[in-house]
Amino acid sequence: MKKLNYGGLTSRNKIWSTFKEQKYLQAFTLAGIVFLLIFAYIPMVGIIIAFKDYKLTSGFAGFFTSKWVGFKYFKEFYNDVYFWPIIRNTMVLSLLKLVFTFPAPIIFAIILNEVRNDKVKRVVQTVSYLPHFISWAVVAGLLFSFLNQQTGLINQLLVSLEIVDEPISFLADPKYFWAICVLSDVWKEMGWWTIIFLAAIVGIDQEIYQASIVDGAGRLQRIWYITIPSIKETIIVVLILSLGSLLGGGLGGSNFEQAYLLGNTVNYNVSNILQTYTMTVGLSKGRYSYAAAMGLIQSVISLILVYSSNYISKKISGSGLF
Amino acid sequence: MKRYFTIILLLVFILTSALTGCGKSKEAENNIPTDSEKTTDSTTQQDNAAETKVDENITWETADLSWKKDTSPVTLSAFIDMSWYVVDTWGKDDISPIITEKTGVTLDITKATTGDSSQLEVMIASNQLPDLVYVENSIMFDRLSNSQYSLAFDELMKQYCPEFLQLLDPVEIANNTEEDGHFYSLTNSYASDSDWQDPSVLPSVGSSWLHVREDILKELGNPPLETLDDFMNILKMVKEKYPNMTPFIQFADWEPAIAKFMGLPDIDSAYVDNGKVKLGITHPGYLDFYKYMNKLYREGYLPAESYTYSMDQFNQIYQSGNVFSVAFNCMVSDNANTVFDQTNKPYHFVPVSAPLKYNGEIKYKPIDSSLGWAKVFISKNCSNPKRAINFLEFLRSPEGDKLTCWGVEGVHYNLDSDGYPIRPADFASRTYTETGIVQWGWMTTAKISGIEFVGRQKALEPYTLGFQTVQKIKPYVDRQPALAFVNPKPDDPESEAMAKIQEYLRAQNTKIIMSKTEEEAVAEFNKTLDEINKMGYPDVEKLMNTKYSKVITRYQK
């Protein structure tokens, strides 16, 4: 590598002296790097078991000593009776969530920003992000209480108002599963992600708004021509991140929890997704190579999504995540 | 760049080596026989008791049993692989300090964390098992039952407490013996044939059964309920007279009582047909079962939502008072009636008084292949194998068994005239965590725990319908311990097909029942049989038969 000269200093010396100046700040970065190295990069060694006939009895050493089997487990998954339903369910659920849960916090942040009463604004914001801290197990319990056919509050309301004759089987009928997942995800995570967009909106120079008012711009025009373009980069970063975790459920990352807790054998044809199948047929049965192969497929798809969305974003808007 | 990459690779290698190398040093310290030193002749195992006989007259009451010889203080680490377990600390309840007083052993307990089912698997993979491991999962039984992770009980007994081996029932040894000829644990709550004759030893209250609302039956004029057709007719009457009531619910994750009444095995468990082991779903009677269940669904007697409930949700639904009949375990009536009485509701559930007849006769014949429910393993890393096996010898002795299950006489129970431990009035106000009763019965026998169960039930009047039901079930039980050994083990190639078949059957079971027409149900059932064949069922069946033919000889002696 060609060495650059900065006023007598080599590039390496320059980097080192800058590093020394920033040593306390760099310590924080280093902690993050060590964390990633230990919990993200080193475990990646385990990916090789997707191509090996790994048995738990061979211990960690078995990662390296097990017999190579090539794409055996990938082929097995491809030939699985549930392969196409799983791919369809995972993609549909993920895309539905992207379509509905990604714009929701942006819209909500813009609406909240337009609220002039500070107290109302604060209360609404707090109430909207609190559900983020409730675990999906509790949310599933709440959904049961509201939606079950026998004693559910929604059904009692619908029947008593004579909107329906018979209670609706929300939890069993497959046609409601995706809608319940998307709506509950929006309810749970919208307020939390609103914080990021609200912070971006607050950072917009107020003089631009004042100038636009002088020019006669209405409220909707200000939103369309000032607010949204100003938070464009934040939107792109969040979009790329949520595309990276698309198959996990996007912003909320809740595909597994929802499919596991709200899924059942009645709505199996729509609730059986990659993550739940990895657990039921892979991990819980001790089939780690098979589970690793299914997990790797998901990771590769996610990686492609991150890189391609970043590339497209850079081409279209000139900005990207990296 | 190359240098950094090399450093990172080196770091990865060092960390991996450190992790894989952990825990191996203890083996040498413990003076544990190596694999090569162990005999692998399975035929010799049956004669172990005879080889090691030390005294023909030795009994559990003999004064100098091995566990009594060294009671100096020692601490053993233990992992309880049951996140639901109610105790996780030693010495804070009534019973564990007494065990320490008698044996000198204190346990340093770690309990599995809720939601993290992989803790024990990580311990196994990293060879970081504690001294003792208490597990309930059959996959873990198979994982730990080998010399790679656990010390063989038979070898420890021969070395440190030969009388323990002699005092064990040879059938119990056979039940726990692995293919290498050793046994690495003893399943607790196992009932030997002679124990089974004892009226206190009963089938599990978890046995599948059907419960109906007695008050509704009365309002319907007490129509006969002796056959599955009677049941269908009654559901029709309920639907007509009480349109807002749910006629029937079945807990999805439980063996269906209707299938049991038809004399069917579980869909994903083994059964024997003319000496050949097969998977339950292949039983010819299953077609009729699915037609019956499908009719219940199509007629609106069985809601689809019944198959979506978790156990808590299911309990909540039938205890709401809006359900006529429930298929689940034997405790449904008692649980529901307790809630109804507490909330002053005039409802009353009863279990059906006898197995419902199918095609004019009682076909009910539940297979009991379980040999108990949980096991303690002494890991190969155990810091003190001698004290560990002696500790388990105490827990298994009648003295230890009674202490852990019944408690202290005069404090936790008093024997009634029939010899059952009856709990004092204030016992119900104390939790199991406080008393430690039953919790440390890691080596308990079905007889002692059965007597405790009967004594507890006697104090529960009038909520004893579940108790009465298991008494009724007992004569019908078909005990086939050999079937506990036929499923593919985790490392058998056939386990891959079995895992897929089980998951497929779980989903298909509901799909067949929820078919829109009977023709669709039949087609879906036939498709299920075809698919499991494609998934590798013939190989699974072949393996099951191979295993069965090896194991069955143990029970034919």
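Okay, here's what the table says:
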| quantity | calculated |
| --- | --- |
| For segment B:122-179 versus segment B:290-312, the gap between their alpha-carbon centres in whole angstrom | 42 Å |
| Segment B:201-285: radius of gyration over Cα atoms, expressed as a fraction of 2.2 N^0.38 Å | 1.36 |
| Contact order normalised by residue count of segment A:217-322, Cα under 8 Å, 6+ apart, percent | 29 percent |
| Options B:GLN119, B:TYR297, B:ILE451, ranked by Cα towards positive dipole end of chain B, top entry (Cβ charges) | B:TYR297 |
| Selection from A:SER319, A:LEU25, A:ALA293 lying farthest towards where the dipole of chain A points positive, charges on Cβ | A:LEU25 |
| More than 18 Å apart - percent of Cα-Cα pairs taken over segment B:174-226 | 63 percent |
| Debye log10 I(q)/I(0) for segment A:132-216, one point scatterer per Cα, at q = 0.16, 0.21 Å⁻¹ | -0.73, -1.02 |
| Antiparallel bridges, percent of DSSP beta bridges restricted to chain B (to nearest 5) | 50 percent |
| Where the Cα pairs of chain A fall when distances are cut into 20 Å bins, in % | 23, 48, 26, 3, 0 |
| Sites matching trypsin sites (Lys or Arg not before Pro) across segment A:26-85 that sit in DSSP coil, with at most 13 neighbouring C-beta atoms within 10 Å | A:LYS67 |
| Mean projected area (nm²) of the alpha-carbon convex hull when segment A:1-146 is viewed from all directions | 19.5 nm² |
| Centre separation in Å (Cα based) which lies between segment B:332-370 and segment B:204-227 | 6 Å |
| For chain B, radius of gyration divided by Kirkwood radius, i.e. Rg to Rh on alpha-carbons | 0.99 |
| Selection from A:GLN156, A:ALA140, A:TYR307 lying farthest towards where the dipole of segment A:80-317 points positive, charges on Cβ | A:TYR307 |
| Aspartates and glutamates with Cα under 20 Å of B:LYS218, excluding same-chain neighbours fewer than 8 positions away | B:GLU226, B:ASP229, B:ASP230, B:GLU240, B:ASP334, B:ASP341 |
| Along each principal axis, Cα extent of segment A:30-89, largest first, Å | 46, 31, 18 |
| Residue-averaged 222 nm ellipticity for the protein assembly as shown, from DSSP H runs of 4+ at -39500 (n - 2.57), nearest 500 | -15000 deg cm²/dmol |
| The protein assembly as shown - share of DSSP beta bridges that are antiparallel (%, nearest 5) | 55 percent |
| Inter-chain Cβ neighbour average for residues B:499-511, partner chain, 10 Å | 5 |
| Spatial extent of segment B:132-191: Rg and Dmax, with the Cα atoms as the point set, Å | 11.3, 31 |
| Cα-centre dipole for segment A:80-317 with unit charges at Cβ (Lys and Arg positive, Asp and Glu negative), debye to 20 | 460 debye |
| Exercise: per-residue mean of other protein chain Cβ atoms within 10 Å, A:59-66 | 5 |
| Between segment A:151-213 and segment B:409-471, the alpha-carbon center distance in angstrom | 51 Å |
| Equivalent ellipsoid dimensions for segment B:420-557 as semi-axes, Å, which come from the Cα gyration tensor, largest first | 41, 24, 16 |
| Over chain B, relative contact order from alpha-carbon pairs under 8 Å, at least 6 apart, % | 21 percent |
| Relative exposure of A:TRP193, B:TRP84, judged by other C-beta atoms within 10 Å (fewest first) | B:TRP84, A:TRP193 |
| Residue pairs, from the table A:LYS72/A:LYS285; B:LYS260/B:LYS474; B:LYS295/B:LYS472; B:LYS68/B:LYS158, whose Cα atoms sit over 24 Å apart | B:LYS295/B:LYS472 |
| Theoretical gain in end-to-end length, A:ILE180 to A:VAL300 [0.36 nm per residue, Cα-Cα removed] | 40.4 nm |
| Computed over the protein assembly as shown, Kirkwood Rh from alpha-carbon pairs, angstrom | 31.5 Å |
| Shielding by partners - mean other protein chain Cβ count within 10 Å, residues of B:307-317 | 5 |
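Since every read-out is calculated from the coordinates, none of them should be taken as a lab result. Computed from a predicted structure; not experimentally measured. Using ideal geometry, Cβ is built from the backbone for each residue, glycine included, and neighbour counts are taken over all protein chains shown.
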